[in-house]
Structure formats: C-alpha cells, structure tokens
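Please treat every number below as a calculation from the coordinates, not as lab data. From a predicted model like this one, the values you see are computed outputs, not experimental measurements. Here the Cβ positions follow ideal geometry from the backbone for every residue, glycine too, while neighbour counts run over all protein chains shown.
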Amino acid sequence: MAKGGFFRNAVNAMVTAREKQARRYVASALLMLDDETLKAAGHNRADLERSSRGAPYMF
C-alpha cells in the first residue's frame, strides 16, 4: 500500500489537478490585460500563454 493510503492519495491527486486548473484559468484571465499592465504586475505574455494551454475546463 502506498504511503498515506488510497484516500489520501486520491485527495492529493484531486487537489493537484484543481491547482493546475486554477493556474490555467488565472493565466487566461491575465491575458486579457494589456502588456504594460502585465509588465507592472511582473508577468509577460509569452509565459502566460504557455501556462494557459492545457485541457479544457469542465466547469
């Protein structure tokens, strides 16, 4: 049996998946801002475009 047990591993996997989904959602929302605003916030468009790619949202 894996360390932590089946249910703990299942919950950890679910939390990890939701965190990835949230990061993609936020990156997509930030891409709506202009480049100057992104730069002021410490982001750049290329990195956000890379991180916004992924599986489509179910909700």
How do the pairs read when you match residues in region 4-23 that are part of a helix (DSSP H, G or I) with residues anywhere that are polar (S, T, N, Q), using Cβ under 7 Å and keeping only pairs 6 or more apart or on different chains? R23/S51
Give me the residue from region 24-41 that is out of contact with any His (no Cβ under 9 Å at 6 or more places or on another chain), in a loop (DSSP other than H, G, I, E, B) and not acidic (D, E) and, out of that set, surrounded by the fewest Cβ atoms within 10 Å (Cβ to Cβ). M32
